[in-house]
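Just below is one structure, and these are the notes that go with it.
The values are calculated or read from the model by the stated rules, or taken from the named source; none is laboratory data. Predicted, not measured: the structure shown is a model, and the values here were computed from it. No Cβ is skipped: glycine too gets one built from the backbone with ideal geometry, and neighbour counts run over all protein chains shown.
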């Protein structure tokens, strides 16, 4: 299977998502202040926290499979839902739902699941209950992208905040053309991402599977260009 870059590869050995720079900067500043004050234990605690923030905001480059019709995972994590549903909070009629739960140890950069045009971006305020719950998409703060492929198939990608996650970042806007595997946003500190596909999509992943954004194949769109 052939692969390609969806985004230009990073220029550093350990790429960091731009959204993490302010958090990392605060951590470095606090570490330096505490070190100058010769407060050894607090310095080590803050240094460890800063290193974890660096780890959390890591943004590794990914090569994306280019086979026709592929749907790749939009997030790193564990598949907690992979089934056909009769109704969804987005769109009309039945669809295939795939949900990926991200812990604080996963890469949290989100990637587009298929080559598509962004036709709508809708942010919905809400609560911050545990993201793995079935009703999280209805109750929690979330951001929904409507994607339309070249062949006219419609998909929905929903970034859902969780108990710890308090910030959803989305760089995509209506009218943008995104490549499969291209970065479009992230969710800070633990969360979930739901993907709603046409009902005749061929499912290639099971509940409980570990997936990686941009590289793991979730299914194949029927009739995709």
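Mind checking whether some residue in the range 12-21 is assigned to a loop (DSSP other than H, G, I, E, B), under 30 Å from residue 176 (Cα atoms) and at pLDDT 95 or above? Reasoning before the result, please.
Residues of the range 12-21 assigned to a loop (DSSP other than H, G, I, E, B): 12-15, 17.
Those left that are additionally under 30 Å from residue 176 (Cα atoms): 12-15, 17.
In the following step, the residues that additionally are at pLDDT 95 or above were identified as none.
No, that holds for no residue.
Would the range 95-102 turn up any residue that is farther than 21 Å from residue 181 by Cα, out of contact with any helix residue (DSSP H, G or I) (no Cβ under 6 Å at 6 or more places or on another chain) and in contact (Cβ under 8 Å) with a residue 60 or more places away in the chain? Working first, answer last.
Narrowing the range 95-102 to residues farther than 21 Å from residue 181 by Cα: 95.
Checking which are out of contact with any helix residue (DSSP H, G or I) (no Cβ under 6 Å at 6 or more places or on another chain) leaves us with 95.
Then keep just the ones that are in contact (Cβ under 8 Å) with a residue 60 or more places away in the chain; that gives 95.
For the range 95-102, residues farther than 21 Å from residue 181 by Cα, out of contact with any helix residue (DSSP H, G or I) (no Cβ under 6 Å at 6 or more places or on another chain) and in contact (Cβ under 8 Å) with a residue 60 or more places away in the chain: present.
Here is a list of conditions, (1) modelled with pLDDT under 95; (2) assigned to a loop (DSSP other than H, G, I, E, B); (3) crowded, with 22+ Cβ neighbours inside 10 Å, and residue 223 meets all of them except one; can you say which number that is?
Of the numbered conditions (1) modelled with pLDDT under 95; (2) assigned to a loop (DSSP other than H, G, I, E, B); (3) crowded, with 22+ Cβ neighbours inside 10 Å, the odd one out for residue 223 is (3).
For the subset of the range 34-74 comprising residues that are touching a strand residue (DSSP E or B) at 6+ places or on another chain (Cβ under 6 Å) and under 17 Å from residue 103 (Cα atoms), which member is surrounded by the most Cβ atoms within 10 Å (Cβ to Cβ)?
74
When you go through 28, 46, 53, 72 one by one, which is the residue that is within 17 Å of residue 186 (Cα to Cα) and touching a helix residue (DSSP H, G or I) at 6+ places or on another chain (Cβ under 8 Å)? If you could, list the steps in order and put the result at the bottom.
Numbers: 28 fails: within 17 Å of residue 186 (Cα to Cα); 46 fails: within 17 Å of residue 186 (Cα to Cα); 72 fails: touching a helix residue (DSSP H, G or I) at 6+ places or on another chain (Cβ under 8 Å).
Checking each option against the conditions leaves just 53.
For the condition out of contact with any helix residue (DSSP H, G or I) (no Cβ under 7 Å at 6 or more places or on another chain), surrounded by 17 or more Cβ atoms within 10 Å (Cβ to Cβ) and at pLDDT below 75, what is the one hit in 165, 172?
Values: 172 fails: at pLDDT below 75.
When all the criteria are applied, what remains is 165.
Looking at the range 190-199, is at least one residue surrounded by 22 or more Cβ atoms within 10 Å (Cβ to Cβ), under 28 Å from residue 8 (Cα atoms), at pLDDT 95 or above and more than 15 Å from the chain's Cα centre (by Cα)?
The answer is yes; a qualifying residue exists.
Inside the range 60-101, can you point out the residues that are farther than 24 Å from residue 4 by Cα and either modelled with pLDDT under 90 or not in a strand (DSSP E or B) (or both)?
Passing the criteria: 86, 87, 88, 89, 90, 91, 92, 93, 94.
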